[in-house]
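Scroll down for the structure; my scribbles are underneath it.
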Amino acid sequence: MFEKEPSEAKHKGKIESVDWQKVSEQLGSNDGGWYEDAETRERHYVKWYENPDQAKVEYIANAVYGALGINAPRSQLVEMNGRIGVASGEIAGAKNIHPKELMRHSDTPLGFIADAYLANWDVVGLDYDNMVAGEDGRIYRIDNGGTLHFRAQGEQKEFPADHVPELETMRNPLFQAGKVFANLKLDELRGQAERLCQQLTSKDIDQIVKASALDAETADAVRAALIGRRRYIAEYFGIPLREEQEKRRSEQRIPAALERISEIEKAAGSLEGMRVAVSFLADTDMIENQEVQVIDATDDGVFEVTCKLTERHYDKLLSIVQNRIGNVMMERMVYGGMYGEGNRYYFANALMFSYGGMAIELAADSGYRTALGLCRIHIPYEEGIDVVSVGETVNDLFSELLSIKGGLEPPSQKAESAYKKARYTWHHKIDAVPEGVEKTLERREVMPGYHTIVDPGKWREYWAESPFAVIHNLHHNNALAKIVKSGGLLSTHERFRRGALIHGMSSDDDMKGGGGDNVFTRIITEQGLSKRNDPDFKLADLGNAIVVFDPALLDRTDFFIYNDDKYGTTDPDAFAFRMSPSEFFEYQKQYGYVSGSEQMFRTGIPTSAIRAVVCREKHIREEILAALREEDIETINGFAIEDFVRVGTYAKELIALSSDQEPETKEEE
């Protein structure tokens, strides 16, 4: 008779006006009948209750059953000729079955907890006709108007929020339902109770009730009763509610991060001159990259929790935060170095306030594009810090103050998939997402404390267009030693917030323009060099010492490309003209290598991604080797430094090194 509601059904929250033709009379005790859509020929059984609220209550009951995976009608609310009814689709081959067969069927008891929860006293039916068997052999609960505060014939009944008496009464054989459920033991029902507490959340209840179109007062009462009865069942069986589990899990994120920091430091895994940072994934679409970072800045008296908010959420939050917090100041953010009180970098202006003994900074300065969306939370450090309490406070801060739904809850699989698709379309500058692309993408920690989305093997597609080399020019002969000691090339912003206030060529300008979040690289392609008609293009034209990266770096999806030198700006006027990787390779094919092109990789590139360093002159190589030896660095990525750092003449040699042609001499590990 009816089509079951899938658990993933969406509740639209509207009453649809229809003009269907009636094709049969009513089947039960309530006014109704089969109706047909003249255009689609779809049939629906529509019930017209004397009180329209009963139709809305039946809609709620069916939606709850559907959310719990229990076979029940998939319903919609309809309006026709000024009447409101509840319409359900047809179940193929539906038929009534003998009461004894109904009692023996394995499906029958599986919905008991839901029946009791919804106070579905008439679930069995006076003549055992409210449960039917479909042609698939499954049992369907088909007439659910006598639920919540309604009896089957429309009279009102008690539907208490603080008690579920039906757990007992509906197993009492003095009542019709009890004749079917009398043999059920409470300990046998725990699994059903767990499903109710885990699969149906307060948010689900809210959405279902909103979709029922009940008036505000009635909706509030129904919502409160459904939420209260769910909590009663949870307490009755000693089962945690899903949202409370998630909240506890969210509150454990900061303590777990602090424990990881401690483990890294005990294992002497911290990088020289750099504060230890770890990160974890959180949120759905309000935190950029779905990533929160925790930094050990106890040398400066704090642990720092930092993230960037997405543009939409950031703009919204800036407009309301001052209304939520009474005492808000505007001051400049400051990054403190690890080498003394005087070592400071004064950054963007920010709204500053306190919460639970913690200092919060929310950047509010369009003059520093690198700061857009930036939020910093300073947790005072002291011996014996109560990390559990800290975790609870930070989670509350994210959920209540920063309006991050779920606080520090990890992103769901659905949110993760949506983010992968969004990143893919952003990176490749496309509108349509290839089907299933999210299944090929992976999230990896590409730098300590930084994750990004990677498309494994994508670089081979670019290589097929033209062999290439991703390169970076070293401006100082001791730069390679610093890179190795710090674990890789780090963006200006990443260096500063981790206590290494080492300025590059134009660090402050990069922080203002937005390039401060990225590492600058360039790409040369074989086709680009060929188009120049200059096969002997000299290495010296690229720089004194060139870092050559593993081509698999282009598997990452967090970089963007300009075809001329824009200093990595993220200004919208310039950003609109960034290129996708495919566009860039095609441009080099058509017009040749452009010396000013730049590829901006977010946060950093690890030392492990470096293939070699090529110098244009021998004395530069010797100076780099001397700087490495001074820092007791004798090997890099398993190669002796004498093999790793070499002398070259032509740019095309960099492309050869970028391929699988590795240095011939390799130390045994």
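The values are calculated or read from the model by the stated rules, or taken from the named source; none is laboratory data. Since the structure is predicted, the reported quantities are computational estimates derived from the model, not experimental observations. Heads up, the Cβs are rebuilt from the backbone with ideal geometry, glycines too, and the neighbour counts pull from every protein chain shown. Accessible surface is based on the protein model in full, side chains and every heavy atom, while ligands, DNA and RNA are left aside. Shrake-Rupley method; radii C 1.70, N 1.55, O 1.52, S 1.80 Å.
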Computed lengthening from Asp107 to Glu36, 0.36 nm per intervening residue step minus Cα-Cα distance
22.5 nm
When the solvent-accessible surface of protein heavy atoms is calculated with a 1.4 angstrom probe, in what order do Arg242, Arg344 fall, highest first?
Arg242, Arg344
As a test of the formula, what do you get for the chain when each DSSP H run with n ≥ 4 contributes -39,500 (n - 2.57) and the sum is divided by the residue count, at 222 nm and rounded to the nearest 500 deg cm²/dmol?
-9500 deg cm²/dmol
What FRET efficiency would be calculated for the residue pair Ser608, Ile385, taking the C-beta separation as r and a Förster radius of 30 Å, to the nearest 0.05?
0.35
Stokes-Einstein D for region 442-567, Kirkwood Rh over Cα pairs, 25 °C, 0.890 mPa s (µm²/s)
151
Please express the Cα-Cα pair-distance distribution P(r) of the chain as a list of whole percents, one per 10 Å bin, running from 0 to the bin with the greatest distance.
3, 13, 19, 17, 15, 13, 11, 7, 3, 0
Applying the Karplus parametrisation 6.51 cos²θ - 1.76 cosθ + 1.60 with θ = phi - 60° to the phi angles of region 366-371, what ³J(HN,Hα) value in whole Hz is obtained for each residue in order, glycine and proline being reported as x?
5, x, 10, 5, 5, 8
Evaluate the charge dipole of the chain about its Cα centre and quote only its size in Debye, nearest 20, assuming +1 on the Cβ of each Lys and Arg and -1 on the Cβ of each Asp and Glu.
680
Space enclosed by the convex hull of the alpha-carbon atoms of region 306-405, per residue, Å³
114
In region 90-131, whose amide N lies under 15 Å from the spot 7 Å out along Cα-to-Cβ of Gln199? List them in ranges.
107-118
Calculate log10 I(q)/I(0) of region 15-119 for q = 0.12, 0.14, 0.17, 0.23 Å⁻¹, where I(q) comes from the Debye formula with a single equal point scatterer on each Cα and nothing for solvent.
-0.47, -0.63, -0.89, -1.33
Sequence neighbours fewer than 8 away in the same chain don't count; with that in mind, list the lysines whose C-alpha is under 19 Å from Lys266.
Lys485
Considering amide H positions built from the backbone, and no H for Pro or chain starts, which residues 5 or more places from Ile636, or on another chain, come under 5 Å of its amide H?
Ile641
For the chain, the per residue accessible area (1.4 Å probe, Å²) is 45
Using the 2.2 N^0.38 Å rule of thumb for compact globular proteins, work out how region 206-302 stacks up: its C-alpha Rg over that value, please.
1.71
By the Cα gyration tensor axes a ≥ b ≥ c (a/c under 1.5 gives rounded; else a/b larger than b/c gives prolate, otherwise oblate), the shape of region 133-178 is prolate
³J(HN,Hα) across region 539-556 via Karplus (A = 6.51, B = -1.76, C = 1.60, θ = phi - 60°), whole Hz, x for Gly/Pro?
4, 4, 6, 9, x, 7, 9, 10, 7, 10, 9, 4, x, 5, 4, 6, 6, 5
Ignoring ligands and nucleic acids, what accessible area does Thr393 show with a 1.4 Å probe (Å², nearest 10)?
30
Just for the Cα atoms in region 548-611, what are the lengths along the principal axes, largest first, rounded to whole Å?
34, 27, 19
Counting only protein heavy atoms, what percent of the accessible surface of the chain is carbon or sulfur at a 1.4 Å probe?
47
Shape metrics for region 511-669, restricted to C-alpha atoms - Rg then Dmax, Å
16.6, 51
Plugging the Cβ-Cβ distance of Asp206 and His163 into 1/(1 + (r/R0)^6) at R0 = 22 Å yields, to the nearest 0.05, a FRET efficiency of 0.55
Dipole check, the chain, charges on Cβ (K,R +1; D,E -1), about Cα centroid: among Ala364, Tyr49, Asn473 the Cα furthest to the positive pole belongs to Tyr49
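Based on the mean of other Cβ atoms within 10 Å per residue, sort peptides 376-385, 468-477 so the most packed one is first.
In descending order of packing, they fall as 468-477, 376-385.
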Go through Leu309, Ala257, Ile227 and say which Cα lies farthest out towards the positive end of the charge dipole of region 225-333; charges sit on Cβ, +1 for Lys and Arg, -1 for Asp and Glu.
Ile227
Taking the Cα atoms of region 54-191, what is the range of coordinates along each of the three principal axes, in descending order and whole Å?
47, 39, 27
